[in-house]
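The values are calculated or read from the model by the stated rules, or taken from the named source; none is laboratory data. Keep in mind it's a predicted model, so treat the numbers as computed, not measured. No Cβ is skipped: glycine too gets one built from the backbone with ideal geometry, and neighbour counts run over all protein chains shown.
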């Protein structure tokens, strides 16, 4: 039995469902909104690579290292982007949240906060995780601010850690949240969502 089993989560008009090949057209359209694959600090697939992106995510699911979700608008049944649990470590009850990207039109809306509320709640309350982590490019300042708004703590920077899509070597900024910090973080996320209306 896998540590992360297939699950569909929903709240505030957003649905997270296991990513599958049937999401290919929707994922391609979401990435096209803003030509997100041109950003050097993300891993958004180029249009012709969308199927391979999904196939890689499915292979990683079988291996137990990643569980990818499609982010879907419930009202229109439109794919808005994708997010994943990854670097899944059942023995220490730790997952990371990443591979996250959204169509440009829904960036800086309630969508990301809602997704993180769902994923953190599932990780801590259902999977019994002790720690949830995040990692991001040292030049992805928007991602760093978003992670910090969740209540995560900066663990440090791993220098010379990974290749970017353009071939340059990036430093990776690491963050985490422990189970004991989740109740306060959840209260803050709910507050932020209520303020947005």
| remark: The residue from 72, 79, 95 that alone is closer than 23 Å to residue 154 by Cα, modelled with pLDDT of 95 or more and not in a helix (DSSP H, G or I) is 95
| field | Among (1) buried (at least 21 other Cβ atoms within 10 Å of the Cβ); (2) touching a helix residue (DSSP H, G or I) at 6+ places or on another chain (Cβ under 6 Å), the one test that residue 96 misses | value | (2)
| message | Take residues that are more than 19 Å from residue 72 (Cβ to Cβ), in contact with a strand residue (DSSP E or B) (Cβ under 9 Å, 6 or more places away or on another chain) and at pLDDT below 90 and tell me which of the helices (runs of 4 or more DSSP H) falling wholly in the range 98-197 contain 1 or more. | response | 141-149
| remark: Here the residues within the range 45-69 that are touching a residue at least 24 places away in the same chain (Cβ under 8 Å), touching a helix residue (DSSP H, G or I) at 6+ places or on another chain (Cβ under 9 Å) and assigned to a helix (DSSP H, G or I) are 50, 51, 53, 54, 55, 58
| query | Taking residue 158 and the conditions (1) under 20 Å from residue 45 (Cα atoms); (2) in contact (Cβ under 8 Å) with a residue 12 or more places away in the chain, which numbered condition does it fall short on, given that it satisfies the others? | reply | (1)
| request: Please give the number of the condition residue 34 fails out of (1) in contact with a helix residue (DSSP H, G or I) (Cβ under 9 Å, 6 or more places away or on another chain); (2) over 25 Å from residue 193 (Cβ atoms); (3) in contact (Cβ under 8 Å) with a residue 12 or more places away in the chain. | output: (2)
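Condition check ((1) in contact (Cβ under 8 Å) with a residue 40 or more places away in the chain; (2) under 17 Å from the mean Cα position of the chain (by Cα); (3) surrounded by 13 or more Cβ atoms within 10 Å (Cβ to Cβ)) across all residues:
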{"residue": "91", "(1), (2), (3)": "no, no, no"}
{"residue": "111", "(1), (2), (3)": "yes, yes, yes"}
{"residue": "134", "(1), (2), (3)": "yes, yes, yes"}
{"residue": "146", "(1), (2), (3)": "no, yes, yes"}
{"residue": "166", "(1), (2), (3)": "yes, no, no"}
{"residue": "172", "(1), (2), (3)": "no, yes, yes"}
{"residue": "175", "(1), (2), (3)": "yes, yes, yes"}
{"residue": "179", "(1), (2), (3)": "yes, no, yes"}
{"residue": "187", "(1), (2), (3)": "no, no, no"}
| note | When the range 7-50 is checked residue by residue, the ones that are touching a strand residue (DSSP E or B) at 6+ places or on another chain (Cβ under 7 Å), exposed (fewer than 15 other Cβ atoms within 10 Å of the Cβ) and either more than 25 Å from residue 64 (Cα to Cα) or modelled with pLDDT under 95 (or both) are 13
